[in-house]
Amino acid sequence: MDFVDSSAWFAYFLPIDPHHQHVRSCFQTARGPLVTTDYCVDETLTLLVARGELRRALEAGRAFLQEEIAQLHFVTSDQFRRAWILFQQRASAGWSFTDCTSKVVIDELKIKTAVALDAHFQQFGILVVP
């Protein structure tokens with residue numbers, strides 16, 4: 001099982017992104033199912049719209065909700081609270097709240113690999129590709 005961060009999703013859905021082909025290749029060679037969270041979906045869709053890619057955001061949203069490309073994990077209230085604690089500790093290092101929710105979910109699901117372009121994932125203690 002590989003976790004996918006919004007940074008990788010953005011590159012995946014936007015063909016002009018310099019990391020697009022590499023991320024697609026990572027997805028094709030994944031060893032198990034891809035997993036992401038509702039927070040990563042939110043970030044991805046918001047970023048696509050902010051970059052003027054409404055059509056791609058709508059296509060991505062449909063793919064996420066139909067779980068065509070990944071299993072969608074909804075952050076629980078307990079995970080949210082733990083992410084808040086982590087955020088208070090790591091925000092000064094540049095971690096976003098979404099990073100913190102991702103870290104909590106990765107730990108809880110015992111995920112060992114993530115597809116992410118976000119440098120903060122290197123600090124999670126897991127294998128990060130690309």
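Some notes on this structure:
- Among the residues making up segment 43-54, those that are within 18 Å of residue 102 (Cα to Cα) and either surrounded by 14 or more Cβ atoms within 10 Å (Cβ to Cβ) or touching a Leu at 6+ places or on another chain (Cβ under 8 Å) (or both) are 43, 44, 45, 47.
- Of all residues in segment 1-39, those that are outside any helix (DSSP H, G or I), of a type outside the set (S, T, N, Q) and surrounded by fewer than 21 Cβ atoms within 10 Å (Cβ to Cβ) total 13.
- Of the residues making up segment 48-74, those that are touching a strand residue (DSSP E or B) at 6+ places or on another chain (Cβ under 9 Å) and either within 18 Å of residue 24 (Cα to Cα) or among the polar types (S, T, N, Q) (or both) number 4.
- Condition met for residue 57 (among the aliphatic types (A, V, I, L, M), touching a Leu at 6+ places or on another chain (Cβ under 7 Å), modelled with pLDDT of 95 or more and surrounded by fewer than 21 Cβ atoms within 10 Å (Cβ to Cβ)): yes
- The set of residues in segment 27-45 being hydrophobic (A, V, I, L, M, F, W, C) and under 14 Å from the mean Cα position of the chain (by Cα) consists of 27, 34, 35, 40, 41, 45.
- Residue 78 being without any contact (Cβ under 8 Å) to a residue 60 or more places away in the chain, over 24 Å from residue 31 (Cβ atoms), surrounded by fewer than 18 Cβ atoms within 10 Å (Cβ to Cβ) and charged (D, E, K, R): yes
For every residue, the table says whether it meets (1) more than 18 Å from residue 4 (Cα to Cα); (2) at pLDDT 95 or above.
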{"residue": "25", "(1), (2)": "no, no"}
{"residue": "30", "(1), (2)": "no, no"}
{"residue": "49", "(1), (2)": "yes, yes"}
{"residue": "66", "(1), (2)": "no, no"}
{"residue": "75", "(1), (2)": "no, yes"}
{"residue": "78", "(1), (2)": "yes, yes"}
{"residue": "84", "(1), (2)": "yes, yes"}
{"residue": "99", "(1), (2)": "no, yes"}
{"residue": "106", "(1), (2)": "no, yes"}
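- Among the residues of segment 91-130, those that are touching a His at 6+ places or on another chain (Cβ under 8 Å), over 17 Å from residue 34 (Cβ atoms) and in a helix (DSSP H, G or I) comprise 93, 99.
- Complete set of residues in segment 75-89 that are in a loop (DSSP other than H, G, I, E, B) and of a type in the set (A, V, I, L, M, F, W, C): 75
- Residue in segment 50-69 that is touching a residue at least 24 places away in the same chain (Cβ under 8 Å), in contact with a His (Cβ under 7 Å, 6 or more places away or on another chain) and within 19 Å of residue 113 (Cα to Cα) present: no
The values are calculated or read from the model by the stated rules, or taken from the named source; none is laboratory data. Computed from a prediction, not measured in an experiment: that's the story for all the values here. In this analysis, Cβ positions are derived from the backbone assuming ideal geometry, glycine residues included, and neighbour counts consider all displayed protein chains.
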